Amino acid sequence: MLDTLVAALRSLLPYDSVITDPVRLRTYECDGLTYHRATPAVVVLPDTAEQVARVVRLCNDFSVPFVARGSGTGLSGGALPREDGVLIVTSKMRAILEIDLDNRRAVVEPGVTNLAITEAVRDRGYYYAPDPSSQQVCSIGGNVAENSGGAHCLKYGFTVNHVEACEIVTPDGDLVTLDRMDPGYDLLGAFVGSEGTLGIATKITVRLSRAPQTVTTVLAAFESIEQGGQAVSAIIGAGIVPAAIEMMDALAIEAAEAAVACRYPEGAGAVLIVELDGPAAEVERQFAQLTEICSGAFELRVAADPAERAAIWKGRKSAFAAVGRISPAYIVQDGVVPRTSLPSVLAAIDRLSAEHGIRVANVFHAGDGNLHPLVLFDDAEPGAGERAEVVSGAILDLCIEHGGSITGEHGVGVDKSRYMPRMFSEADLDTMQLVRCAFDPRGLSNPGKVFPTPRLCGEAPGVRKGVHPLVESGKAEQF
Ligand SMILES: Cc1cc2nc3c(=O)[nH]c(=O)nc-3n(C[C@H](O)[C@H](O)[C@H](O)COP(=O)(O)OP(=O)(O)OC[C@H]3O[C@@H](n4cnc5c(N)ncnc54)[C@H](O)[C@@H]3O)c2cc1C
C-alpha cells in the first residue's frame with residue numbers, strides 16, 4: 001500500500017519533494033526533543049497550499065496518518081513523525097505574501113521564520129512581537145501550532161494575540177480560512193496551540209506592532225535567587241509591566257559564561273534582565289521605580305546602546321544551548337507557577353536536585369512564572385537519565401500543586417501527554433477530545449500527541465467502563 005501511496009504522491013509533487021531514501025528520512029526522525037525518535041514512512045515538501053491539501057486528501061484515501069513539521073525546533077516531540085505515516089514539511093513555503101502597514105498586517109506562508117517577519121518590516125519602524133529564543137529558525141506555522149511565547153510576551157501577549165487569520169488544510173483535505181473577525185465560535189483561537197492535531201496552517205495573517213520609542217535594558221545581579229524573585233514580585237506589584245523580565249540562576253550563568261562569555265557580574269546567585277519600553281517619559285519614570293526596587297542588587301548595569309543591549313541578551317538567549325558546555329546531556333523542562341510561588345518552587349527544585357544527585361539550572365520568564373529548569377545528567381552514567389526523568393516529572397508535579405501548568409510555551413506533544421491526566425479530569429479530556437473529533441473525526445492529523453490515550457471519535461465520552469480495547473490489545477498505553 002505504501003508503494004501505491006508514494007506513487008500517488010509522486011504524481012502530485014516534483015520528484016525531489018517526495019523523500020523515501022532511508023538515509024534522508026533520518027533527518028526528520030525527531031524534533032528539538034531528540035529523546036523521542038521515529039523514521040517517517042515518507043516525507044513530502046510541498047510548495048503550495050493546494051499541494052498540502054492534495055497530500056492530505058491522499059492520506060485520507062489511504063487512511064494514513066500525517067504529521068506537519070515546520071523547522072523541527074519543537075521541544076515536546078510535537079513533530080515526531082509516524083513510522084506508518086506521511087511527514088508534511090513546510091520549509092519550502094517561505095514567501096512573505098503581503099505587507100500591509102496601513103492595517104498593520106503581514107500575510108505569510110507557514111515556513112517563514114519568525115525573525116524574517118521582523119526583518120521584512122524593521123526599517124519601516126515595525127516588528128512582529130512574539131519572540132521565541134529560537135526565532136532565527138523556528139517557523140511561524142510551528143509558532144501558531146504551539147502558541148509560542150518568548151521573552152517579550154509578558155507585555156505583548158503570546159502568538160494567539162498576534163494572529164488575525166489562518167488559512168488551513170482541514171484533516172480531511174479542505175482549504176478553509178479561520179478569521180478573528182468571523183462571528184460565532186472562536187475557531188481560530190481553538191486552532192492556535194492545537195499542535196498540528198486540527199489541521200495544517202498554510203497561510204497566516206499576523207499583526208505587526210510599532211517599534212517602541214525608547215527601550216531601556218537593565219541587568220541586575222543579586223546574591224541569591226530569593227532576592228531576585230522578590231524583586232520580580234515587587235516590580236509587578238508596583239504596577240510596572242516591563243516588556244520582559246528574565247531570570248537566570250548561578251548554574252545557568254556559569255553555562256552561558258562558558259558558551260558565549262557574556263560577562264555577567266561575577267559571583268551572582270541570580271541575574272535579572274528587565275527591559276522597559278514605550279514612550280520616553282513613561283520609560284524614564286519606570287526606570288526610576290525599577291532602580292529603587294532593585295536597590296538590593298550588588299550590581300546594576302544599564303545598556304547604553306543597542307550593542308550593549310545585545311550583549312546583555314546574549315547570555316539569556318543562548319542559555320538552553322549553553323548548558324551543553326557544562327553537561328553532556330540535559331532535559332529542557334517547561335512549566336508555569338503563579339509568580340508568588342516562585343521562591344518556594346525554586347527551593348523545592350533545589351531539594352529535588354540534592355535528593356536525586358541531579359543538577360538543575362534555572363532559566364525563566366520570571367514575569368509570567370514560566371520556568372525552564374534545565375535538568376542536567378551524564379548519559380554515559382547508568383541510571384542518570386532515569387533519575388533526570390524523575391526530577392523532571394517531579395518539577396511538573398510541583399507546578400500543578402502550586403496551581404500552575406505542565407507547559408508554558410513548549411506544548412504537550414508526545415512528551416507530556418502522560419501528564420495531562422494529572423492536570424485535567426477525565427471529563428476535561430473528553431471535552432477536549434470532542435473538539436478534536438469535530439475537526440478530525442478519523443484521527444489522522446498528528447495522532448498520539450497531546451492526549452494520553454488515543455480515544456476514538458464516536459466513542460461515548462464519560463466514565464470509562466473497563467479497559468480500553470486499544471490498551472487491552474497492547475496498541476496503546478494508559479498513564
Ligand atoms: C533553543 C530553543 C529555544 C526555544 N525557545 C523557545 C521560546 O522562547 N519560546 C517558545 O515558545 N518556544 C521555544 N522553543 C520551542 C520551539 O522553537 C517552538 O515551539 C516553535 O514554535 C516550533 O516551531 P517549528 O517550526 O520548529 O515547529 P516544529 O517543531 O516543526 O513543530 C512543532 C509543532 O507544530 C506543528 N506544526 C508545525 N508546522 C505546522 C503547520 N504549518 N500547521 C499546523 N501544525 C504545524 C507540528 O506538528 C508540531 O506539533 C525553543 C526551541 C529551541 C530549540
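Taking 0.36 nm per residue of sequence separation and removing the Cα-Cα distance, the Glu226/Asn161 pair yields an extension gain of 20.2 nm. In the context of the full set of protein chains, the range 214-402 has a per residue accessible area of 39 Å² (1.4 Å probe). In this structure Phe158 has an accessible area near 50 Å², from a 1.4 Å probe over the protein heavy atoms. The Kirkwood hydrodynamic radius of the range 384-452, based on inverse pair distances between different Cα atoms, is 13.3 Å.
Taking the Cα atoms only, what angle lies between the long axis of helix 342-356 and the longest principal axis of the chain, rounded to 10 degrees? Roughly 70 degrees, rounded to the nearest 10. Taking the C-alpha atoms only, the angle from helix 384-401 to the longest principal axis of the chain is near 80 degrees. Only Cα pairs under 8 Å and 6+ residues apart enter the sum, and on that basis the relative contact order of the chain stands at 13 percent.
Size of the range 1-89: Rg and Dmax of its alpha carbons, in Å, are 12.2, 35.
Placing dummy labels 7 Å off each Cα toward the beta-carbon, the span from Ala190 to Glu83 is 3.4 nm.
Note that the range 96-210 presents 39 Å² accessible area per residue, ligands and nucleic acids not counted, probe 1.4 Å. Full extension of the chain between Arg24 and Leu2 gives 6.2 nm of extra length, using 0.36 nm per residue less the Cα-Cα distance.
The share of accessible area on the range 96-210 that comes from carbon and sulfur is 47 percent, using a 1.4 angstrom probe. 3J(HN,Hα) couplings calculated from phi for the range 287-301 with the Karplus curve 6.51 cos²θ - 1.76 cosθ + 1.60 (θ = phi - 60°) are, in sequence order, 5, 4, 4, 4, 5, 5, 4, 8, 5, x, 6, 8, 8, 10, 10 Hz; Gly and Pro show x. Exposure check, 1.4 Å probe, all protein chains in place: Leu429 carries approximately 20 Å² of accessible surface.
Once the chain from Val215 to Ala281 is taken as fully extended at 0.36 nm per residue, the excess over their C-alpha distance is 22.6 nm. Taking label points 7 Å from Cα along the Cα-to-Cβ direction, Arg351 and Glu266 give a separation of 3.5 nm. Every helix of 4 or more DSSP H residues in the chain counts as -39500 (n - 2.57), and over all residues that averages to -9500 deg cm²/dmol at 222 nm. The C-alpha atoms of the chain define a longest principal axis, and helix 426-439 lies at about 60 degrees to it.
Comparing the range 87-221 with the 2.2 N^0.38 Å rule of thumb, its C-alpha radius of gyration ratio is 1.05 (two decimals). Separation of the range 99-167 from the range 258-286 is 24 Å, based on Cα centroids.
When only alpha carbons are used to place a centre, the range 1-54 and the range 403-449 end up 25 Å from one another. Taking the alpha carbon gyration tensor of the chain, multiplying each eigenvalue by 5 and rooting it gives semi-axes of 38, 27, 21 Å, largest first. Accessible-area rank, largest first, for Asp172, Asp16, Asp131: Asp16, Asp172, Asp131, with all protein chains present and a 1.4 angstrom probe. Note on Asp174 and Asp16: their simple-model spin labels are 3.6 nm apart, each label 7 Å out from Cα toward Cβ. Expressed as a whole percent, the accessible surface of the range 214-402 that belongs to carbon and sulfur atoms is 54, based on a 1.4 Å probe. Mind giving me the FRET efficiency for Thr431 and Asp182? R0 is 22 Å, r the Cβ-Cβ distance, nearest 0.05 is fine. Once the sixth-power term is evaluated, E becomes 0.50. Solvent-accessible area per residue in the range 1-89 equals 43 Å², computed with a 1.4 angstrom probe and all protein chains kept.
Cross-linked pairs Lys92/Lys155; Lys92/Lys449; Lys203/Lys314: Cα-Cα separations exceed 27 Å for Lys92/Lys155; Lys203/Lys314.
Taking every protein chain into account, the 1.4 Å probe leaves Cys399 with about 0 Å² of accessible area, to the nearest ten. Accessible surface of the range 1-89, 1.4 Å probe: 52 percent of it comes from carbon and sulfur atoms.
The values are calculated or read from the model by the stated rules, or taken from the named source; none is laboratory data. Owing to the predicted nature of the structure, the values given are computational and were not obtained by experimental measurement. So basically every Cβ, Gly included, is an ideal-geometry build from the backbone, and we count neighbours across all protein chains shown. What goes into the accessible areas is simple: the full protein's heavy atoms, side chains included, and nothing from ligands, DNA or RNA. Shrake-Rupley method; radii C 1.70, N 1.55, O 1.52, S 1.80 Å.
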